[in-house]
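Report on the following structure.
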Amino acid sequence: LNKIKKISKKIEEYAGNEEYRGVVTGLNEAFVIDEKTKELLVNNNPKCIDIIKPYLDGKDVARYGIKSRNRFLIFTRRGIDIKKYPAVESYLRKFKVDLTPKKNRTEDRGRKPGKYKWYEIQDSTAYFEEFEKKKIIYGRIITRPRFVIDYDGFYVSAANSIIHRPEKKNNCNI
């Protein structure tokens with residue numbers, strides 16, 4: 001163990017303390033889509049590709065590898081102009097009742113109260129650019145280690161977290 005410690009770097013030395021939680025949509029049934037749905041949306045409106053991101057949930061991150069099920073995230077972050085993406089707006093409209101933020105927690109349907117529009121993902125995810133970078137993805141609640149290096153810009157569910165190596169930290173590459 002001491003030999004390993006001598007030649008290894010701690011994750012804090014490598015990546016710093018920047019940890020980011022995965023995306024909380026508030027209704028994955030609406031925002032997480034399969035490849036067929038992605039193709040339909042993009043064929044309907046090619047601009048949609050700008051907000052449809054490759055996606056991994058907790059089960060997709062395995063020990064040292066990705067078990068992708070070819071799913072995608074409709075990433076309608078706060079402030080998006082949904083009118084630029086009519087195919088996505090039309091698709092999400094069928095979930096509108098369940099996507100609309102509740103006025104209070106006692107209502108039966110809808111997402112948690114908040115200052116977001118019905119078609120926007122629930123949490124602001126202001127750090128969304130971090131998903132586009134090379135990073136380490138790991139499960140947040142796990143019974144055994146699940147870490148993977150992502151070179152492909154996957155967005156991840158809240159069951160995962162990400163860390164990346166800031167470019168100025170050191171000379172190591174992942």
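The values are calculated or read from the model by the stated rules, or taken from the named source; none is laboratory data. Values in this document were obtained by computation on a predicted structure and should not be read as measured data. When we count neighbours, we look across all protein chains shown, and the Cβ atoms used for this are built from the backbone with ideal geometry, even at glycine. Please note that ligands, DNA and RNA were not included when accessible areas were found on the heavy atoms of the full protein model with its side chains. Shrake-Rupley method; radii C 1.70, N 1.55, O 1.52, S 1.80 Å.
Brief remarks on what is shown
- Extension gain, LYS133 to ILE4, is 43.6 nm, computed as 0.36 nm per intervening residue step minus the present C-alpha separation.
- C-alpha long axis of helix 35-44 to longest principal axis of the chain, angle in °: 50
- Coil-residue chymotrypsin sites (Phe, Trp or Tyr not before Pro) of the range 82-170, DSSP, other Cβ within 10 Å capped at 15: PHE95, TYR127, TYR151
- Here the gap between GLU29 and ALA62, fully extended at 0.36 nm per residue and compared with their Cα-Cα distance, gives a gain of 9.6 nm.
- Rounded to the nearest whole Hz, the Karplus-based 3J(HN,Hα) values (6.51 cos²θ - 1.76 cosθ + 1.60, θ = phi - 60°) of the range 100-110 follow the sequence 5, x, 5, 7, 8, 6, 8, 5, 6, 10, x, with x at glycine and proline.
- Taking every protein chain into account, the accessible area of the range 14-160 amounts to 56 square angstrom per residue (probe 1.4 Å).
- Whole-percent carbon and sulfur share, accessible surface of the chain, 1.4 Å: 50
- Anchor LYS9: lysines whose Cα lies under 23 Å away (excluding residues fewer than 8 positions away in-chain): LYS133, LYS134, LYS135, LYS168, LYS169
- From the coordinates shown, Rg and Dmax of the Cα atoms in Å corresponds to which of [x] 18.1, 59; [y] 17.1, 57; [z] 20.1, 74: [x]
- Lysines whose Cα lies under 23 Å from that of LYS36, excluding same-chain neighbours fewer than 8 positions away: LYS47, LYS53, LYS59, LYS67, LYS83, LYS84, LYS94, LYS96
- Candidate cross-link partners of LYS112 among the aspartates and glutamates, defined by an alpha-carbon separation under 17 Å and a same-chain spacing of 8 or more, comprise GLU29, ASP98, GLU120, ASP123.
- Distance (nanometres) between label positions extended 7 Å along Cα→Cβ at ASP50 and PHE147: 3.7
- With a Förster radius of 22 Å applied to the beta-carbon distance between THR100 and ASN70, the computed FRET efficiency rounds to 0.15.
- Note on the range 40-81 and the range 106-141: Cα centroid distance 13 Å, given to the nearest whole angstrom.
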